[in-house]
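Asker: Please find one structure pasted underneath; my questions will follow.
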Amino acid sequence: MPRIVREADATWDGNLARGTGAVSAATSSAFAELGFTLAARIGAPGGKTSPEELLAAAHAGCFTMSVAGELTGAGQPPGRLDVRCRITMDEVEGQGHQIVHSALDVRADVPGADAAAFAKAVEAADQGCPFSTLLRAAGARVEVQATMQGGV
């Protein structure tokens, strides 16, 4: 795979408590001006996003592609993969707030696959997913729960 570089832009106006920010995809223009605020980060989203939600989306997307690649490479391409990621940020003594956990819930429709082959593909995907690797290297725990439908 070639070296990949992507960019996003973020702006912030005002103080932390009452300010507002926006993030845009600079490389693809796939999204623009997604609003984020401290209130959305620590409380009810109110139609805004947060860095943690964006990280969860990125980890879920990366992991989905990783599982699809492993299954396809094993000759058992998925019919459909649904992955939900839950990112947890918590206070770590002496280090402030840190991302401490990422929980991935994988639901897969893999026609013709057996449970053992599916489990092997999910494990390999977890080991090969760049976001899982990044989070673990940063000290966060990564957990994967996987359920397969449509197998043999």
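What follows draws every value from the coordinates through simple rules; no lab data is involved. What you see is a predicted model, and the numbers here were worked out from it, not measured in a lab. We place every Cβ from the backbone using ideal geometry, glycine too, and count neighbours over all the protein chains shown.
Asker: Taking amide H positions as placed 1.01 Å from N in the peptide plane, with prolines and chain starts having none, which residues 5 or more places from Ala146, or on another chain, fall under 5 Å of its amide H?
Answerer: Close amide H contacts, sequence-distant or interchain: Val106.
Asker: If you bin the C-alpha pair distances of region 1-108 every 5 Å from 0, what whole percents do you get?
Answerer: 2, 10, 15, 17, 19, 17, 10, 6, 3, 1, 0
Asker: Also: When the Cα centres of region 19-94 and region 112-137 are compared, how far apart do they sit, in Å?
Answerer: 18 Å
Asker: Within the chain, what percent of beta bridges assigned by DSSP are antiparallel, to the nearest 5? Please report the intermediate quantities before stating the final value.
Answerer: Values: 22 of 32 bridges.
That works out to approximately 70 percent antiparallel.
Asker: Can you give the net charge of the other residues whose Cβ lies under 15 Å from the Cβ of Leu134, counting K and R as +1 and D and E as -1?
Answerer: On the way: positive: Arg6, Arg136, Arg141; negative: Glu52, Asp126.
Residues near Leu134 contribute +1 overall.
Asker: Please work out the Cα convex hull volume for region 51-149 and give it in Å³ per residue. Walk me through the numbers on the way to the answer.
Answerer: Numbers: hull volume 7.8 nm³, N = 99.
Roughly 79 Å³ of hull volume per residue.
Asker: To the nearest 20 Debye, how big is the dipole of the chain about its Cα centre, given +1 on the beta carbon of each Lys and Arg and -1 on that of each Asp and Glu?
Answerer: Working: 12 positive and 17 negative charges, 27 e Å.
Dipole of the chain, to the nearest 20 debye: 140 debye.
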